[in-house]
Amino acid sequence: MKSKTSGGVIELAKTLLYAVIIAVGIRTILYEPFNIPSGSMESTLRVGDYLFVSKFSYGYSRYSLPLGDHFPSFGRFLFREPERGDVIVFMFPRDPSEHYIKRLIGLPGDKIQVIEGTLYINSVATKRVRDGVDLDSERGPRELWLETLPNGVQHPILLKEREYPTPPTRCERENGDTGDAENTCPFKVPPDHYFMMGDNRDNSSDSRVADSGVGMVPAENLVGRAEIIFFSTNGNARWWEVWNWPFTVRWERLLKVIR
């Protein structure tokens, strides 16, 4: 006859197991939390933002699973094409154990180029208008612009006004000539790949940097679309300073939909 104590332990273990299975299932199929570690997506996202990523937006790949970089590739299941302008979490192509977050700029087949800070998609300059100054940027005040993509998606970018050098006229990629981040050579997005850029154009290692940066992102590496900020903190209180926690919360950013 089992003792009440041993029976209680078994029931507790079952409950914990069920809770773990449900939590893993939710993170794999529905939503996964993600926090912002750098300022590359300012002012849309800031360091200290915590957000939910919808895992079902683009279907599923091995990277939808916990420790997905340890599984063999099976392509994408229930794949849905992402839309230009989506803010996407993906696995870093050069190290699939790392998560990155950027905005989708170029679709397969697109030609992307930046000339004197202006983004060109298929040889057409994107429209942008100045929208003031972002005073909360990690690296000090930055010019705030609103950029409109070809499908009508409008989003903020940070870009410091400057005198630009003459843009490159000759690009020989076999010699490693890609220009710099504000004057690039043309990029042709290959099939089943995407061109990503950070909204903080002066401080983002993205698809403009092929060798040491993100480069082109394979469709398999997409994890999900960033949906909503559920918590945000400026990080000015240490973990034991409980009395200061409420003063570090960015209340105005809570439940902010990501666009």
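Here are a few things to note about the model shown:
- Extreme residue, nearest to residue 114 (Cα to Cα), among residues of the range 144-153 that are open to solvent by 40 Å² or more (accessible area, probe 1.4 Å) and touching a residue at least 60 places away in the same chain (Cβ under 8 Å): 150
- Summed over the range 29-52, residues that are assigned to a strand (DSSP E or B), open to solvent by less than 10 Å² (accessible area, probe 1.4 Å) and of a type outside the set (A, V, I, L, M) total 1.
- Residue list for the range 222-236, restricted to those being more than 12 Å from residue 50 (Cβ to Cβ) and among the hydrophobic types (A, V, I, L, M, F, W, C): 222, 223
- Of all residues in the range 112-143, those being in contact with a Phe, Trp or Tyr (Cβ under 7 Å, 6 or more places away or on another chain), in contact (Cβ under 8 Å) with a residue 60 or more places away in the chain and open to solvent by 40 Å² or more (accessible area, probe 1.4 Å) number 1.
- Residue 236 meets each of the listed conditions (1) within 19 Å of residue 88 (Cα to Cα); (2) touching a helix residue (DSSP H, G or I) at 6+ places or on another chain (Cβ under 9 Å); (3) modelled with pLDDT of 80 or more apart from (1).
- Set 93, 108, 82: member being touching a residue at least 40 places away in the same chain (Cβ under 8 Å), within 23 Å of residue 38 (Cβ to Cβ) and open to solvent by 10 Å² or more (accessible area, probe 1.4 Å): 93
- Test set (1) touching a Leu at 6+ places or on another chain (Cβ under 6 Å); (2) farther than 22 Å from residue 213 by Cα - residue 82 fails condition number: (2)
- The lone exception for residue 75 - which of (1) open to solvent by 40 Å² or more (accessible area, probe 1.4 Å); (2) more than 18 Å from the chain's Cα centre (by Cα); (3) over 23 Å from residue 200 (Cβ atoms) it fails: (1)
- Contact map, the range 43-68: residues that are at positive phi paired with residues that are open to solvent by 10 Å² or more (accessible area, probe 1.4 Å) and of a type in the set (Val, Ile, Thr), Cβ distance under 8 Å, separation 6+ or inter-chain. Pairs shown: 48/233.
- Within the range 210-258, the set of residues being basic (Lys, Arg), part of a strand (DSSP E or B) and free of Cβ contacts under 8 Å to residues at least 40 places away in the same chain comprises 256 only.
- Flag for residue 204 being modelled with pLDDT under 95, polar (S, T, N, Q) and touching a Gly at 6+ places or on another chain (Cβ under 8 Å): yes
- Residues that are open to solvent by 10 Å² or more (accessible area, probe 1.4 Å) and closer than 16 Å to residue 218 by Cβ occur in the range 53-60; there is at least one.
The values are calculated or read from the model by the stated rules, or taken from the named source; none is laboratory data. Since this is a predicted model, take the numbers as computed values, not measurements. We place every Cβ from the backbone using ideal geometry, glycine too, and count neighbours over all the protein chains shown. Surface areas here come from the heavy atoms of the whole protein model, side chains and all, with no ligands, DNA or RNA. Shrake-Rupley method; radii C 1.70, N 1.55, O 1.52, S 1.80 Å.
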